[in-house]
1. Would you say Gly77 is under 35 Å from the mean Cα position of the chain (by Cα), more than 30 Å from Gln237 (Cβ to Cβ) and surrounded by 13 or more Cβ atoms within 10 Å (Cβ to Cβ)?
2. Where in segment 137-234 are there strands (runs of 3 or more DSSP E), lying wholly inside it, with at least 3 residues that are farther than 27 Å from Val95 by Cβ?
3. I need the full set of residues from segment 95-129 which are touching a Ser or Thr at 6+ places or on another chain (Cβ under 8 Å) and under 16 Å from Thr79 (Cβ atoms), in order please.
4. Take the residues of segment 138-156 that are out of contact with any strand residue (DSSP E or B) (no Cβ under 7 Å at 6 or more places or on another chain) and small (Gly, Ala, Ser): which is surrounded by the most Cβ atoms within 10 Å (Cβ to Cβ)?
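Read-outs: derived from the displayed coordinates by stated rules, not from any lab. All values derive from a computational prediction rather than experimental measurement. Cβ placement follows ideal geometry from the backbone for every residue including glycine, while neighbour counts extend to all protein chains displayed.
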Amino acid sequence: MSKRNLAWRGAFIVFLAVLALGGCERIKAFRERLAQGGPGKPGETPPAAPVFAVNTSNVSQGQIQDYLALSGDIVAGSTVDTYSDAAGKVTQLYVVVGSRVGRGDPIAAVDPSKPGMEYVANVVKAPIGGTVVALPAQVGMTISQQVSLARIAGGSALEIKLYVAERFISKMALGLPCEITLDAWPGEVFRGTVSKVAPTVDPSSRTMEIRINVDNPGSRLKAGMFAKVRIITEQKQNIVKIPSGAMVQRFGESYVFVAEPDGGEGYVARRRNVTPGILVDGILEIREGLSSRDEIIVRGQTLLDDGAKINIIDRVTPLGAN
């Protein structure tokens, strides 16, 4: 090893020794201060406990609804296709789309004549009463018995056809209430119920078809409209609920801080372990740990510890209050 390297090595060892000596002196001074009553200097007044600025709100009690948001098309509740008994050329149509027909009313005339043969035109009649919602046939067309001339929606009942993802199938059941909104009627909510649930899942899309019966007061809803649907999958009454942001989750525990008087004019934060329930649109159900009489901290709670002094800056309007 060269002399230069030896010199550098020696200087480094001396540097480490100085650091160690300085650390020992600091440790010794710290222990002496602890023996004299605390981390401060002898006779020094300990600093006052910090006061945290927070916002609070009273716990709410009421209803909460869990829902599944979907969208789909409004379709006629029951439709029947109309066919001709004989192949031939359509010579006349007696209806247009939207026409109201009764059972047995004429829909179209089909002439089955061929070159060298003359036949009487076949009048195709409506198999049910209702409204003509589709009219594929046109005058002059040559059709077979397998081609539909018209589609008739029976009665005035309407349905909404929806498709539910496989992961939500367990929440579907007949009779679930629904809230329906449409761009055509902004601000209005129509009511309906789940009326049909498909027995199988489409393997290509992993979805299941369901149908919603929809109330149609004043016949304002029309087949073909696009609808947004909330299927209410769970309803709970008279439960305790809070803003979801008020709950703190750390190390596998869920808790909130409750503002309580400190015996004077101030308040302290008391930690309260809770059992959360369903979460809907930022509103959280609390199954255990709180009552409707509690005042919880909804802002500024992330830095708090149990017993911390707080200064209530604002009291937020409780959930559901006007």
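1. Numbers: under 35 Å from the mean Cα position of the chain (by Cα): yes; more than 30 Å from Gln237 (Cβ to Cβ): yes; surrounded by 13 or more Cβ atoms within 10 Å (Cβ to Cβ): yes.
Considered against the rule, which asks whether it is under 35 Å from the mean Cα position of the chain (by Cα), more than 30 Å from Gln237 (Cβ to Cβ) and surrounded by 13 or more Cβ atoms within 10 Å (Cβ to Cβ), Gly77 comes out as yes.
2. Working: elements: 148-154, 158-165, 177-181, 190-197, 207-214.
Fully inside segment 137-234 and qualifying: 158-165, 177-181, 190-197, 207-214.
3. Correct list: Gly98, Ser99, Arg100, Val101, Ile107, Ala126, Pro127.
4. If we filter segment 138-156 for residues that are out of contact with any strand residue (DSSP E or B) (no Cβ under 7 Å at 6 or more places or on another chain), which is where we start, we get 144, 146-147, 156.
This time we only want the ones that are small (Gly, Ala, Ser), so: 144, 156.
Numbers: Ser144: 10, Ser156: 12.
Within segment 138-156, the match that is surrounded by the most Cβ atoms within 10 Å (Cβ to Cβ) is Ser156.
One line per residue, one yes/no per condition, for (1) among the polar types (S, T, N, Q); (2) farther than 30 Å from Asp305 by Cα; (3) buried (at least 17 other Cβ atoms within 10 Å of the Cβ); (4) free of Cβ contacts under 8 Å to residues at least 40 places away in the same chain:
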position: Leu182; (1), (2), (3), (4): no, yes, yes, no
position: Pro199; (1), (2), (3), (4): no, yes, no, yes
position: Asp202; (1), (2), (3), (4): no, yes, no, yes
position: Phe226; (1), (2), (3), (4): no, yes, no, no
